[in-house]
Amino acid sequence: MHIKEEIYSEIVKTIPIVCVDAIIKKDNQFLVIQRKENPLKGEWWVPGGRVHLGEELVVALMRKLSEELSLNIKSSYKLVGIYEDFFNSSSFGEHLYHTISFVYEFNIDEINNLDIFLDSTISKWRFQNNLPERLLKKMRFIYG
């Protein structure tokens, strides 16, 4: 369910927002995106975003990969951790912004050619050797 922007701007200032993030691995490297919006504007991060009301986590994850990168990944995935963070701003301005994200990992070594088309919230993408340091410091990994 899509929330009207004026309502959502009040929600993000009031309660934690549930999100999903994707760690996409290929040849021991990680796909990262450069964000155009707050929080983390200009930083390299993993793709993802908020979960809509009535939307299962994995459905939200696939939607975000499709929206942000035009990716429809069919490879297996697993829940690897929970990432919680607090920011001083969101795309709605300066305020406390609290997110709780379920982080899933994909290994896409079997995919030879990725056709990636970025949405308006992302300026660039690349593969790099390490995940963003902030993610690694704040994520609680799930073992097993």
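Nothing in this text is a laboratory measurement; each read-out follows from the coordinates by a stated rule. Just so we're clear, the structure is a prediction, and the values are computed from it rather than from any experiment. When we count neighbours, we look across all protein chains shown, and the Cβ atoms used for this are built from the backbone with ideal geometry, even at glycine.
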For this session: Quick one: work out the % antiparallel among DSSP beta bridges in the chain, nearest 5.
Result: 75
Seminar exercise, completed: Measuring from the longest principal axis of the C-alpha atoms of the chain, the long axis of helix 57-69 (C-alpha) lies at a number of degrees, nearest 10, equal to 80
Seminar exercise, completed: Length gained, LYS36-ASN130, 0.36 nm per residue minus C-alpha separation, equals 31.8 nm
Seminar exercise, completed: Expected sort for 122-129, 43-50 on mean C-beta neighbours within 10 Å, highest first, is 43-50, 122-129
Seminar exercise, completed: Between ASN72 and GLU56, the two model label points (7 Å from Cα along the beta-carbon direction) sit apart by a distance in nm of 1.8
For this session: Please report, in debye to the nearest 20, how large the charge dipole of region 5-141 is about its Cα centre when each Lys and Arg carries +1 at its beta carbon and each Asp and Glu carries -1 there.
Result: 380
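With a ≥ b ≥ c taken as the square roots of the eigenvalues of the C-alpha gyration tensor of region 56-126, please select rounded if a/c is under 1.5 and otherwise prolate if a/b is larger than b/c or oblate if it is not?
Oblate, since a/c reaches 1.5 and b/c is not below a/b.
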For this session: Mind listing the long-range amide H neighbours of VAL51? Cut-off is under 5 Å, sequence gap 5 or more, other chains count too, H placed in the peptide plane at 1.01 Å from N.
Result: VAL18, CYS19, VAL20
